[in-house]
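One structure is given below, encoded as structure tokens.
The values are calculated or read from the model by the stated rules, or taken from the named source; none is laboratory data. The shown structure was predicted, so the numbers you read here are calculated from the model rather than taken from an experiment. Quick reminder, even Gly has a Cβ in these numbers, built from the backbone with ideal geometry, and neighbours come from all protein chains shown. Side chains included, ligands, DNA and RNA excluded: accessible areas come from the protein's heavy atoms. Shrake-Rupley method; radii C 1.70, N 1.55, O 1.52, S 1.80 Å.
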Amino acid sequence: MKATDTFRNPAYGHNCAQAVANKWKDMYKSEDIVKDYAPYVGGKAPGGLCGAIYAAMQAVPEHAEEIRKEFIAACGAETCRAIKMETGTPCNVCVDTADRLVEKYS
């Protein structure tokens, strides 16, 4: 299963951060990862980050900088606002990119 399978899927209702975090839930120190990552949508992750990249960086914190750089290269920006207003990268592409980066660095 890919993170995009649960992203905005009515059966799950996951936002971008929840979709990535749920896929890789065994990498977090949380009992309810879906609940914990619910607020990180629409630029509400720390620093205005896209929720998908935020969740990816939290999953593999020792590779957060590499994940950030590769995410920017693929999606054009790291903040939700810049992604939506400047690059036009669709959210599902951000979720898929973050998912692949967690897989690469885990």
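Sort region 9-53 into rounded, prolate or oblate with this rule: let a ≥ b ≥ c be the square roots of the eigenvalues of the Cα gyration tensor; rounded if a/c is under 1.5, and if a/c is not under 1.5, prolate when a/b is larger than b/c, oblate otherwise. Oblate, since a/c reaches 1.5 and b/c is not below a/b.
Could you calculate, for the chain, the ratio of the Cα radius of gyration to the Kirkwood radius, expressed as Rg to Rh? Mind showing how you got there, number by number?
Working: Rg = 12.1 Å, Rh = 13.1 Å.
We get a ratio of 0.92 for the chain.
Looking at the chain, which longest stretch skips every one of the chymotrypsin sites (Phe, Trp or Tyr not before Pro) that is in a DSSP loop with at most 16 other Cβ atoms within 10 Å, leaving the sites themselves out? After excluding every exposed loop site, the longest remaining stretch is 29-106. Rounded to whole numbers, the Karplus 3J(HN,Hα) couplings from phi for region 95-106 are 5, 5, 4, 4, 4, 5, 5, 5, 4, 4, 9, 9 Hz, using 6.51 cos²θ - 1.76 cosθ + 1.60 with θ = phi - 60°, and x at Gly and Pro. Loop-located GluC sites (Glu not before Pro) in region 9-106 (DSSP state other than H, G, I, E, B) with a sparse environment of at most 12 neighbouring Cβ atoms within 10 Å: E31. Pop out the carbon and sulfur fraction of the accessible area of the chain as a percent, whole number, probe 1.4 Å. Here it works out to 50 percent. In this structure region 1-48 gives 61 Å² per residue of accessible area when probed at 1.4 Å with all protein chains present.
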